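Here's the structure, in structure tokens; my notes come after.
Please treat every number below as a calculation from the coordinates, not as lab data. Keep in mind the model is a prediction, meaning the values are calculated, not measured. Cβ sites come from the backbone with ideal geometry, for glycine too, and all protein chains shown count toward neighbours.
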Amino acid sequence: MAATRSAHAVWEGDLLKGSGVVSLDSSGIGSYPVSWPARTEEPGGKTSPEELIAAAHSSCFNMAFSNILAKAGNPPARLETKADVTFVPGQGITGSHLTVRGTVPGLDAEEFQSMAEDAKKNCPVSQALTGTTITLTAELA
């Protein structure tokens, strides 16, 4: 079954001095201010497209990884994943680095790493980021 989720953004002003708001419409969980300085300098209480992509990537990876682990007979007790998405002005998004630490009873570090690589390659957000470099650090707790 296909699912569509929606968000919208409003921007006022030019790129460097303007600002906007992105709203998460489907969930209704909030609206968040965005600006160019939040993208390239210090966030200052505002978000950026890259931070939103990092949130999407880390949560998508956890879902894919937990599914892979469960199908292999080792459902995770806990997965904690951080995504660091890099933006280079003039080039765009150049990469995403995933760092996962997991508690998975009955699994050794080599199996954990192999399954994490599978999740990195096959999660839908990783696939949407084709053309960028996606790297992974995986640690079994």
Legend entry - Degrees, to the nearest 10: 49-71 long Cα axis against longest axis of the chain: 20 degrees
Inset, instruction - Pairs of Cα atoms under 8 Å, at least six residues apart: use those to get the relative contact order of the chain, whole percent. - result: 18 percent
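Can you pull the Kirkwood radius for the stretch 1-48, inverse mean 1/r over Cα pairs, to one decimal in Å? All intermediate terms of the calculation are to be shown ahead of the outcome.
Numbers: mean 1/r = 0.0861 Å⁻¹.
Taking every pair of different Cα atoms in the stretch 1-48, averaging 1/r and inverting gives 11.6 Å.
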Inset, instruction - Give the peptides 98-105, 69-76, 128-135 in descending order of average Cβ contacts within 10 Å, highest first. - result: 98-105, 69-76, 128-135
Legend entry - Relative contact order (percent, whole number), the stretch 55-99, Cα cutoff 8 Å, 6+ residue spacing: 32 percent
Legend entry - Most to least packed among 30-36, 58-64, 108-114 [average Cβ atoms within 10 Å]: 58-64, 30-36, 108-114
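Take MET1, MET115 and order them by how many other Cβ atoms sit within 10 Å, fewest up front. Walk me through the numbers before you get to the answer.
On the way: MET1 2, MET115 22.
By the 10 Å Cβ count, ascending, the order reads MET1, MET115.
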Inset, instruction - Quick one: P(r) of the stretch 49-140 from all Cα-Cα pairs, 5 Å bins, percents rounded to integers, in order of increasing distance. - result: 3, 15, 28, 23, 14, 9, 4, 2, 1, 0
